[in-house]
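Q: Below you will find the structure I want to go over with you.
The values are calculated or read from the model by the stated rules, or taken from the named source; none is laboratory data. Nothing here was measured: the structure is a model prediction, and the numbers come from that model. A quick note on method: Cβ atoms are made from the backbone with ideal geometry, for glycine too, and the neighbour counts reach across all protein chains shown. Just so you know, the surface numbers come from the protein's heavy atoms only, side chains and all, with ligands and any DNA or RNA stripped out. Shrake-Rupley method; radii C 1.70, N 1.55, O 1.52, S 1.80 Å.
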Amino acid sequence: VDQEKFCPYDGDVIHLRKQLGLPESMHLVLFPCRMMPQKRPLLMIEIAKKVAEKRNDIAFVGVGNGQLLETCHSKIRQYGLEKMIYMVGEKEQMEDYYHACDLTLICSMKEGLALTAYESLACGKPVISADVGGQRELIDDTVGRLIPLMQREDSDYDSDVFPQEEIGAYVHAIYELCDDEKLLKYLGDNGRKRIEDG
């Protein structure tokens with residue numbers, strides 16, 4: 001990861017929120033990935049649906065294309081979450097999205113070590129990630145949160161039904177970070193330092 005390109009930014013990041021029609025005070029969760037079964041974008045939608053049951057101050061932005069993109073749009077319409085989940089397709093200037101969001105969500109069923117985790121931390125944004133592959137080599141409680149995987153790749157790879165306990169763990173982590181600006185900054189600063197040092 002180019003840590004000069006992907007770096008903390010103190011300038012105006014409000015323009016992206018304005019493009020989406022979101023107030024400046026809205027918390028934004030970034031979901032940057034290919035929209036494929038391995039990345040579980042449908043789990044992201046279930047997490048957002050659970051958040052929406054109690055909150056209207058947290059929105060999700062999905063950046064990326066893939067075979068499940070249309071399915072995601074249909075599910076979002078089915079749940080009436082058009083004002084909460086924004087699927088914007090593939091974007092070249094990913095750093096703009098890291099800057100505009102409060103944290104990054106990676107809920108893949110399978111990863112090596114996600115490039116998006118490096119990019120997010122380089123931009124000073126905490127990462128909430130599934131505890132899969134090599135993610136724990138980069139993500140811990142000093143830079144984000146790890147969530148246990150509660151599905152099996154051999155039987156659940158194409159499933160659109162997810163364990164409520166797993167959904168709840170992601171929701172809890174999102175609330176914890178969004179409700180504590182000092183914690184968000186602490187985790188973000190640590191993440192940037194980890195990329196610079198390691």
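Q: How large is the charge dipole for segment 109-198, taken about the Cα centre, if only the Cβ atoms of Lys, Arg (+1) and Asp, Glu (-1) carry charge, to the nearest 20 debye? Before the final figure, lay out each step's value.
A: Numbers: 10 positive and 20 negative charges, 85 e Å.
For segment 109-198, the charge dipole is close to 400 debye.
Q: Distance between Cα centroids, segment 176-195 to segment 120-144: provide it in whole Å.
A: Distance between centres, Cα-based: 11 Å.
Q: Now, a different point. With the cut-off at 1.5 for a/c, could you classify segment 29-106 from its C-alpha gyration tensor as rounded, prolate or oblate? Display every interim value, and only then the final one.
A: Details: a/c = 1.76, a/b = 1.13, b/c = 1.56.
Here segment 29-106 falls in the oblate category.
Q: Right, next: Using helices alone, I'd like the mean residue ellipticity at 222 nm for the chain: each DSSP H run of four-plus residues gives -39500 (n - 2.57), total over residue count, nearest 500.
A: Value at 222 nm, helices only, nearest 500: -12000 deg cm²/dmol.
Q: Okay, next question. With viscosity set to 0.890 mPa s at 25 °C, what whole-number translational diffusion coefficient in µm²/s follows for segment 59-198 from Stokes-Einstein and a Kirkwood radius over Cα pairs? Mind dumping the intermediate values first?
A: Working: Rh = 15.9 Å.
Rounded to a whole number, D works out at 154 µm²/s.
Q: Roughly how many Å² is the accessible area per residue of the chain, as a whole number, for a 1.4 Å probe?
A: Numbers: 9500 Å² over 198 residues.
Dividing the accessible area of the chain by its residue count gives 48 Å².
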